[in-house]
Amino acid sequence: MGTIIAWGTLLVVVACLGFMLRNETKFKKNIVLGVTLPKEAHDDPDVQAVLQRFRKHLGWLALGLTLLCVGGMLIPDLSIAMVGWSVGFLLVLVLPNLVYIHAHGALKELKKEKQWIVQTEKKIRVDVSTMISYENPRLMGYVLPALICGLLAFLQRELWYIHGISALTAILSFLMARFCYRRKSEMVDGNAERTKQLSRLRYQMWKRVWLLTAWQAVSISVSVCLLPESAAACLTMLIVTSLLYGGVIVYLEMRTRRMQEKLTEESGTEWYVDEDDLWLGGMFYYNPNDSHVIVNNRVGTGTTFNMATKTGKGMTIGAVLLILGSTLLCGFIGWEDRSPIRLELTEDAVLCESGTTRYVIPTEKIREVQLVEAMPDGLFRTNALGGQHLYKGSFTEGGMLDLKIIADPTVPLYLKVTADDEQYYIFGTRDPGLTQAVYEQLKEETAE
């Protein structure tokens with residue numbers, strides 16, 4: 001199931017990214033594939049040929065990545081699947097954007113060849129900085145989700161950290177909506193009314209995205225509340241709400257783009273805004289004359305960093321490192337799922353460790369020791385790794401509110417230890433004979 005969810009999620013990313021990049025072939029604000037062109041160039045055969053090639057290459061790439069994801073779902077071994085997923089994730093992020101940058105370069109060369117430039121003799125300068133009023137997001141819309149998550153953290157204290165992250169997400173959503181948007185008018189040409197409509201449209205959609213994100217955090221906390229009763233119900237609710245959230249986000253983005261396309265379909269006949277030289281590859285903003293760190297993307301609702309500023313460079317590098325770190329973490333989890341398990345009985349303690357997780361129980365603290373043939377039903381992770389071939393960390397189950405496990409769930413025969421402080425442990429190596437030998441020695445010592 002874990003393999004299907006991981007690769008299935010990646011398949012959704014492939015579909016969404018392909019859909020968004022294909023939308024870049026439609027003119028919005030006189031921009032197509034990150035290149036600004038006049039109205040006369042919109043139906044030019046050479047321009048359409050570049051767009052057609054891009055759609056073709058993107059389609060073949062999307063098909064290849066789709067087959068990769070489907071193949072990944074069929075990998076039976078979770079550890080191999082997760083290592084492969086980490087590679088597939090990088091391919092999904094990088095390859096479609098490389099195709100986009102290549103097509104952008106071809107279109108930019110065509111623009112230069114045909115000398116499609118702004119008609120400077122008709123240039124109009126209009127101060128539109130105060131044309132619309134940017135109302136701040138309403139704080140209560142974000143405070144309420146944070147309070148709900150905080151209440152759930154109080155009621156379900158064993159999972160306080162998950163609910164705490166959800167509450168923090170709601171707070172961060174407000175900060176993003178309030179401070180990570182450049183309140184700059186969306187000027188396309190000299191039409192002041194069009195500028196006001198575009199500016200208002202983008203900002204309203206931006207606020208809706210972050211308000212929705214705050215309430216999605218609540219849905220995650222509510223889903224987690226179902227874990228002790230039914231892990232399947234929790235997982236189902238998480239998947240359903242996440243898909244709904246992603247669907248609405250894509251809808252808001254595409255609605256913004258459609259409106260931008262509609263509002264600017266008659267633009268580009270006289271003077272129009274052309275900032276192509278400030279956007280490297282059509283994707284990365286670089287303007288040494290702009291002191292702003294955060295700038296709006298040219299189309300859609302999103303924002304990006306000004307890579308000409310030190311802070312912008314640092315945040316861009318940080319974002320790249322975060323993506324790489326997350327990818328490597330998934331690969332590490334897959335690798336660690338096969339990491340060795342060490343179980344031994346020393347002179348005065350029983351020791352079990354795997355990777356960086358290590359438990360040592362003094363024999364004098366052991367109240368009861370058992371040899372069991374199956375893992376407890378209804379295990380619930382509180383702070384643990386649970387792969388196909390390795391459980392390790394903290395779990396709860398029934399009367400065992402604090403259960404420490406290091407064991408391979410696919411190799412039956414486990415050592416169950418109960419300590420004097422009502423602390424429970426389950427240890428199991430990948431050699432049942434070794435587990436049984438440690439049990440017999442430990443039972444003999446504790447019986448003396």
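Summary table below
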quantity: Pick from the stretch 191-214, criterion surrounded by 18 or more Cβ atoms within 10 Å (Cβ to Cβ) and under 17 Å from the mean Cα position of the chain (by Cα), ranking: farthest from Leu151 (Cα to Cα); calculated: Val209
quantity: Meets criteria (farther than 15 Å from Ile323 by Cα and modelled with pLDDT of 95 or more) for Leu65; calculated: yes
quantity: Subset tally (residues that are touching a residue at least 12 places away in the same chain (Cβ under 8 Å), part of a strand (DSSP E or B) and surrounded by fewer than 16 Cβ atoms within 10 Å (Cβ to Cβ)) for the stretch 350-370; calculated: 4
quantity: Residues within the stretch 274-306 that are within 28 Å of Arg22 (Cβ to Cβ), among the aliphatic types (A, V, I, L, M) and buried (at least 17 other Cβ atoms within 10 Å of the Cβ), tallied; calculated: 4
quantity: Tally, over the stretch 320-348, of residues that are small (Gly, Ala, Ser) and crowded, with 16+ Cβ neighbours inside 10 Å; calculated: 3
quantity: Gly331 in contact (Cβ under 8 Å) with a residue 12 or more places away in the chain, more than 30 Å from Val438 (Cα to Cα) and in contact with a helix residue (DSSP H, G or I) (Cβ under 8 Å, 6 or more places away or on another chain); calculated: yes
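Table: residues versus (1) assigned to a helix (DSSP H, G or I); (2) more than 30 Å from Gln156 (Cβ to Cβ).
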{"residue": "Leu168", "(1), (2)": "yes, no"}
{"residue": "Phe174", "(1), (2)": "yes, no"}
{"residue": "Tyr181", "(1), (2)": "no, yes"}
{"residue": "Met187", "(1), (2)": "no, yes"}
{"residue": "Ser199", "(1), (2)": "yes, yes"}
{"residue": "Arg208", "(1), (2)": "yes, no"}
{"residue": "Ala214", "(1), (2)": "yes, no"}
{"residue": "Val218", "(1), (2)": "yes, no"}
{"residue": "Ser223", "(1), (2)": "yes, no"}
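The values are calculated or read from the model by the stated rules, or taken from the named source; none is laboratory data. Because the structure is a prediction, the values reported are computed rather than measured. For neighbour counting, all protein chains shown are included, and Cβ atoms are generated from backbone atoms with ideal geometry for every residue, glycine included.
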